[in-house]
1. Could you identify the single residue in Arg72, Arg76 that is within 16 Å of the ligand (Cβ to nearest atom) and more than 16 Å from the chain's Cα centre (by Cα)?
2. Can you find a residue in region 2-16 that is assigned to a loop (DSSP other than H, G, I, E, B), more than 16 Å from the ligand (Cβ to nearest atom) and over 17 Å from Ala121 (Cβ atoms)?
3. Does region 131-168 hold any residues that are closer than 21 Å to Ala245 by Cα, more than 10 Å from the ligand (Cβ to nearest atom) and in contact with a Ser or Thr (Cβ under 7 Å, 6 or more places away or on another chain), and which are they?
4. Give region 246-277 a look and list any residue that's closer than 14 Å to Tyr31 by Cβ and among the polar types (S, T, N, Q), or say none.
5. Among the strands (runs of 3 or more DSSP E) contained in region 179-247, which hold 3 or more residues that are more than 25 Å from Ala10 (Cβ to Cβ)?
6. Restricting to region 80-105, and then to whatever is buried (at least 19 other Cβ atoms within 10 Å of the Cβ) and either under 16 Å from Ala29 (Cα atoms) or charged (D, E, K, R) (or both), can you tell me which residue is nearest to the ligand (Cβ to nearest atom)?
7. Quick one: is Gln128 among the polar types (S, T, N, Q), assigned to a loop (DSSP other than H, G, I, E, B) and either within 12 Å of the ligand (Cβ to nearest atom) or free of Cβ contacts under 8 Å to residues at least 40 places away in the same chain (or both)?
8. Quick check on region 153-183: of everything there that is in contact with a strand residue (DSSP E or B) (Cβ under 8 Å, 6 or more places away or on another chain) and β-branched (Val, Ile, Thr), which residue is nearest to Asp124 (Cα to Cα)?
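Nothing in this text is a laboratory measurement; each read-out follows from the coordinates by a stated rule. Computed from a predicted model, the values in this text were never measured in an experiment. Positions of Cβ are backbone-derived with ideal geometry, glycine not excepted, and every protein chain shown enters the neighbour counts.
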Amino acid sequence: MGIVVVGTVAFDTVETPFGKGENVLGGSATYFSTAASFFSEVSLVAVVGEDFPEEHVAFLRSREINLAGLQRIPGRTFHWSGRYGYDLNEAQTLDTQLNVLLAFKPQLPPAYRETDVLFLANIDPELQLEVLDQVTAPRLVACDSMNFWISSKPAALREVIKRVDIVLINEGEARMLTGEPNLIKAARSIIAMGCKRLVVKRGEYGVLMFTADTVFAAPAYPLEEVFDPTGAGDTFAGGFMGYLANTGDLSEEGIRQALVFGAVMASFNVEAFSLDRMKRLTYREIEARYRSFRQLTSFRDLPAP
Ligand code: AMP
C-alpha cells in the first residue's frame, strides 16, 4: 500500500535556544513524506511558489517521493516563522504567510485517487475536504491540524474529523478544539466528533492513543540533545502511517507497533535543524532505535494469581 499526503511544503524561519534557521526547508507534507519514505511509497500533493529552489525538489526526489502532485504556481512559497523557548514542547508562531496556499486547488493525479492510505497533513481544512472528495475508497485516512486552523476554520475542521479514521493532534490543540481542560475528556469529545481513533502528541512526554474503549501510551525516546522540535509531529505521523502502509496491519497490535515507529522517527528529527538529521538517517539506525525503545518500555508481568 502506498500513501498519498496533502500538506504544506514551506520555508521556515525557526529560533530555538540553540540556534536559528532562516528560510530553511519545512512544511507538514515535507516532514511527513520524508519520514514515510523510509517505509512506503509516498505521493505528495502540495504547492510551492516560483522562489522554491530546485535543490529542495531534488532532495524529495532523492527519497523517491512521487512529485506528480507538487504544483509550482506564481507567487511566494508558504512561510512559517516560529520560536521555541527552553520548554521545547510547544512552538510559538511568530508569523504565518500563506502566500501560494491562498490560490492552491489540490488536484490529485488520476493514479493517486485510488490510494489505500491517505494522510491529510496540517493545511487548511477546506483543502483537506477537497482532497477527501477526490479519493475513491481508501482503507485508512488520517489527519493532523493545528491551532491556526482550529481558530480560523473550526467548522471545516470538524467536518474533516467526522470523515477520517484517525486524528493526530497536539495536547494543547486537543484542549483548544474541545474547550475541555482534562485530556481524557477532550479525547472522548474528539472521538465523539466521528473519528475512530485519536493520537495526542505530547512533545517530550510522548503520545497517548485513544479509541472509544482503549488507551495506549508511548513515551518519547529520551535524548540528551534536542536542537529543533520543528516537524516532530509530522515526522511522527510519517513514521506511523508509513509503517502502517507498509505492513497493512490495522489490528490494535499492528497500530501500536506503528505508533512506536512514529516515536522513533520523531526522535531522530529533533536532533538537528530542519530536515538535516533525516537527510543522513539510515534504516539500520531506525531499527536499532526501535529495539532500544522496546527495552526502554518493557517490564515483566505479575505472576498469575
Ligand atoms: P510540527 O510537526 O507540528 O512541528 O509542524 C511543523 C511544520 O508545520 C513547519 O515546518 C511549518 O512549515 C508547518 N506549518 C506551520 N504552520 C502551518 C499552518 N498554519 N498550516 C500548515 N502547515 C504549517
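1. Details: Arg72 fails: within 16 Å of the ligand (Cβ to nearest atom).
The match here is Arg76.
2. Filtering region 2-16 down to residues assigned to a loop (DSSP other than H, G, I, E, B) leaves 2, 7-9.
The next check asks that each one be more than 16 Å from the ligand (Cβ to nearest atom); those that pass are 2.
Cutting the leftovers down to over 17 Å from Ala121 (Cβ atoms) gives us none.
Looking for residues that are assigned to a loop (DSSP other than H, G, I, E, B), more than 16 Å from the ligand (Cβ to nearest atom) and over 17 Å from Ala121 (Cβ atoms), one finds none in region 2-16, hence no.
3. Val135, Pro138
4. Selection gives Ser267, Asn269, Ser274.
5. Details: elements: 197-201, 207-210, 215-218.
So the answer is 207-210, 215-218.
6. Taking the candidates together, the pick is Trp80.
7. Working: among the polar types (S, T, N, Q): yes; assigned to a loop (DSSP other than H, G, I, E, B): no; either within 12 Å of the ligand (Cβ to nearest atom) or free of Cβ contacts under 8 Å to residues at least 40 places away in the same chain (or both): yes.
Against the criterion (among the polar types (S, T, N, Q), assigned to a loop (DSSP other than H, G, I, E, B) and either within 12 Å of the ligand (Cβ to nearest atom) or free of Cβ contacts under 8 Å to residues at least 40 places away in the same chain (or both)), Gln128 does not qualify.
8. Here is the first cut: in region 153-183, the residues in contact with a strand residue (DSSP E or B) (Cβ under 8 Å, 6 or more places away or on another chain) are 160-161, 163-171, 174, 177, 183.
Filter again for β-branched (Val, Ile, Thr), leaving 160-161, 164, 166-167, 169.
Numbers: Val160: 11, Ile161: 13, Val164: 15, Ile166: 17, Val167: 15, Ile169: 15 Å.
Selected residue: Val160.
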